[in-house]
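The values are calculated or read from the model by the stated rules, or taken from the named source; none is laboratory data. None of these values were measured; they are calculated from a predicted model. FYI the Cβ positions are ideal-geometry reconstructions off the backbone, even for glycines, and counts take in every protein chain you see. Remember, those area values only see protein heavy atoms, side chains included, never the ligands or the DNA or RNA. Shrake-Rupley method; radii C 1.70, N 1.55, O 1.52, S 1.80 Å.
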Amino acid sequence: MSLLIQGGTIVTHEISYQADIYCKDGKIAAIGQQLEIDKDTQIIDASGKLIMPGGIDPHTHMQLPFMGTVAKDDFAAGTAAALAGGTTSIIDFVIPSPQQSLLEAYQQWRDWAQASHANYSFHVAITWWDESVKEEMAELTQNHGVNSFKHFMAYKNAIMATDDILVASFSRCLELGAMPTVHAENGELVYHLQQQLLEQGITGPEAHPLSRPPSVEGEAANRSISIANTLGAPLYLVHVSTKEAVDAIQYAQNSGHTVYGECLAGHLVIDDSVYQDSNWSRAAAHVMSPPFRPKSHQDALWKGIQSGTLHTTATDHCAFCAEQKAMGKDNFTQIPNGTAGVEERLAVLWETGVNTGKLTPNEFVAITSTNTAKIFNIYPQKGAIATGSDADLVIWDPKASKTLSVDTQMSNIDFNIFEGMTVNGSATSTICNGKLAWHEGELFAKPGDGKHFERPTFAGYYDSIIKKNQLNEAKPVAR
Ligand code: DUC
Ligand code: ZN
Ligand code: ZN
């Protein structure tokens, strides 16, 4: 099966130029003019449009069992939504229950993900610790293409990783050449503030941001960075939402440490006024962690992206409908945390980043695709438009205008956090594994068309970044 994209402008993270792209057997076979093609090649006219690497969302939670329910978008629905928005790959999270085997949980997620329309890979969360976890981390990195492990510093009494676990796991990551990642919120503080708010009779969604103020994230960001730096490990912070965390990352980077930051499309455009909505369901629909923040933090996030302090954008797509959110009707701590966005991320970032002059189209490609591919070691297989790369592409009409709404979204839920936002620029076609997966409102990909992709470890050639541990220089004093 082959496909030719004709007449468009290629936009990579570095350059923009006019050329045709010929895709064959799932790969980019040739780039240029007057390309030699097979007889039965499907031809797509991209005149007046941009062709960019397909979006990679490094942070989704499809059908996640969480807070007593299961996220509504399963891998089939969630990846269909991804394709509709120009995202061709997701990196989702395997989250083992405490005491559960990592490999058993990994297999469970792999089984679920077989129904995916788009490509997928997995980070694995470290939610508990013993020798078997240590061994299974090796098995996952060596034989299953996992090169990143996630640590939730929040969610006390559930999946929270305490400092002893962070130290043990970051050290293990270092040995294996894997990337430690953190959800940076101080779980003890969150728990304490939640109890205080409930005792004061503040039980609605307005209590959610009060229980997770910016300092809670700032503390955890600083602590996780300090732990990683002390061990000589790199660190990737997911969903950075505060100025405090951006500052911590920047400080570490300026000190020569390898620290990466991700931020969510939602955190860049939605502020904490949503929790004051007089309609309980609308306020609860925005309950996610970390919460939406006062506007001043959005400015810090944009500056973080523009300056290169933050590297990637994601969604934390974890979709719950109103009925599920109502589980916390009388107690905000029981509202399932999560919002959607995998379908809207690219359009929202184009509108608020490129159309406002904050980002060039090339920078847009970097933060929606290429940087993620590089950080998680799949570049140039993904995140690139180059001969031999996977043919995962989005054809983008920079002039196409549409209004984001729950009425037109692919997601299974009954809410859209970007409701009513008009975007100028959106995906007209998405090509996944060399096939037209989505085109002008129609989904062509089938469940199972998405492929699992492995991510090799950084062991070996990543040694200059990993293993800067101060003890490497240590010597006993001769006495
Ligand atoms: N935050 C959310 O809002 N949902 C899923 C997990 C998380 O950390
Ligand atoms: Zn998180
Ligand atoms: Zn998450």
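Quick notes on this structure:
- Residue 328 passes every criterion in (1) under 11 Å from residue 87 (Cβ atoms); (2) within 14 Å of ligand 1 (Cβ to nearest atom) apart from (1).
- Qualifying residue in the stretch 379-398 (condition: out of contact with any Cys (no Cβ under 9 Å at 6 or more places or on another chain), within 30 Å of residue 275 (Cα to Cα), open to solvent by 20 Å² or more (accessible area, probe 1.4 Å) and β-branched (Val, Ile, Thr)): no
- Scanning the stretch 218-257 for residues that are among the basic types (Lys, Arg) and closer than 13 Å to residue 309 by Cα yields one hit, 243.
- Scanning the stretch 228-256 for residues that are more than 16 Å from ligand 1 (Cβ to nearest atom), out of contact with any Leu (no Cβ under 8 Å at 6 or more places or on another chain), within 21 Å of residue 377 (Cα to Cα) and not in a helix (DSSP H, G or I) turns up 234, 235, 256.
- For the stretch 180-207, the set of residues classified as more than 16 Å from ligand 1 (Cβ to nearest atom), assigned to a helix (DSSP H, G or I) and farther than 30 Å from residue 229 by Cα consists of 195, 196, 197, 198, 199, listed by residue number.
- Checked across the stretch 27-42, the condition of being within 16 Å of ligand 2 (Cβ to nearest atom) and open to solvent by 20 Å² or more (accessible area, probe 1.4 Å) holds for no residue.
- Options 252, 233: the member that is at pLDDT 95 or above, open to solvent by less than 50 Å² (accessible area, probe 1.4 Å) and either of a type outside the set (Val, Ile, Thr) or under 24 Å from residue 332 (Cα atoms) (or both): 252
- Residue within the stretch 296-317 that is touching a residue at least 24 places away in the same chain (Cβ under 8 Å), among the charged types (D, E, K, R), within 16 Å of ligand 2 (Cβ to nearest atom) and assigned to a loop (DSSP other than H, G, I, E, B) present: yes
- When the strands (runs of 3 or more DSSP E) confined to the stretch 1-101 are screened for residues that are within 27 Å of the chain's Cα centre (by Cα) and within 16 Å of ligand 1 (Cβ to nearest atom), those reaching at least 3 such residues are found at 55-60, 87-94.
- Those residues of the stretch 177-191 which are away from ligand 3 (no atom under 16 Å from the Cβ) and at pLDDT 95 or above, in sequence order: 178, 186, 188, 189, 191
- Each residue in the stretch 181-205 was checked for being among the polar types (S, T, N, Q) and within 21 Å of residue 165 (Cα to Cα), and 2 of them qualify.
- On inspection, residue 46 passes the criterion of being open to solvent by less than 10 Å² (accessible area, probe 1.4 Å) and among the hydrophobic types (A, V, I, L, M, F, W, C).
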